[in-house]
Amino acid sequence: MTSTVFKQLYRSALADSERLDEDSVLLDIGAKDGKIASALADSIGCRAIVLDIDFTEEARSCDCDLVRGDGTQIPLPDDSVDAIVSNMVFEHVPDEEALIADTARVLSDDGVFISICPNRAWPGDGHGYPLGMPWLPEAIGDRVARPYDQKYDRGDDWYREAYHPVWSITVRRELTKYFETVEYRSGDLLDLDLDASNGKQRLLETFAEPLELAFSSRLGRRLVEAVFPTPVYVSKHPKRVRRRPNG
């Protein structure tokens, strides 16, 4: 998928939150370039904050507030954000539940958290590794990863420090600990304007009809959710009693 598709998806999900306006605050966790946050904030007319441990030069030209920090310990006050987006971040965090818990802390009571991540149940991972990489034991994966990490100039420790594949069913379970409502919204991808020249988007179009059929039943949705490569979750109404302390 491309950032263009994800921007469409975020806009669609955020459109359900009628409360978002020029007084709202949007937080993007793990966006080094700030593109998605800037585009979303511009369409809503709200303030955008981008949180990451580092930023590209491109991000400095975006109309966003850049904040250096860890998504598991967000340097913002409780109840200070109205919407949070997280695009392909969970798989880079050793403890994604800590990140989810802190999003619930900083979100307002009627805030929304939209997260997209790769599903470990799918053999491809989107990081340039060979098929099946998410399923390998760490010791074997470390050896397989080295030539690819060198190819992409990621450093010798990238696999061990920044590659932590997640299962969609685990992500859902963790989200439900901290949010009253968790919706699986990968089906929204079928309603977007897809680029037929893009291989991944063309593949999605090819399987659109059987996917729509699967999404029409509860059992079909659960099966798709378990194996679909890009789970999308929209979580609302943070549970204050389930806040997890950092540290």
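Could you tell me what percent of the DSSP beta bridges with both partners in the chain are antiparallel, to the nearest 5? Spell out each step's value before the answer.
Values: 11 of 30 bridges.
Around 35 percent antiparallel, to the nearest 5.
So if I average 1/r over every pair of distinct C-alpha atoms in the stretch 1-141 and take the inverse, what Kirkwood radius in Å does that give?
One over the average 1/r among Cα pairs gives 15.8 Å for the stretch 1-141.
The portion of the accessible surface of the chain made up by carbon and sulfur, rounded to a whole percent, is 50 (1.4 Å probe; DNA, RNA and ligands excluded). Note on Lys151: aspartates and glutamates with a C-alpha under 15 Å away, same-chain residues under 8 apart excluded, are Asp142.
Max-minus-min Cα coordinates of the stretch 68-122 on each principal axis give 35, 21, 17 Å, with the largest extent listed first. Taking the Cα centre of each part, how many Å lie between the stretch 170-189 and the stretch 1-64? Value for the Cα centre distance between the two parts: 20 Å. Note on the stretch 115-178: Cα-Cα pairs beyond 12 Å make up 69% of the total pair count. Average accessible surface for the chain: 49 Å² per residue, computed with a 1.4 Å probe over protein heavy atoms with every protein chain in place. Taking a straight line from the alpha carbon of Lys177, these aspartates and glutamates sit under 16 Å away, with near neighbours fewer than eight places off in the same chain left out: Asp95, Glu96, Glu97, Asp102, Asp109. Computed across the chain, the Kirkwood radius stands at 18.7 Å (inverse of mean 1/r, all Cα pairs).
The values are calculated or read from the model by the stated rules, or taken from the named source; none is laboratory data. The model shown is predicted, which means the values in this text are computed figures rather than measured ones. Note: areas computed on protein heavy atoms with side chains; ligands, DNA, RNA excluded. Shrake-Rupley method; radii C 1.70, N 1.55, O 1.52, S 1.80 Å.
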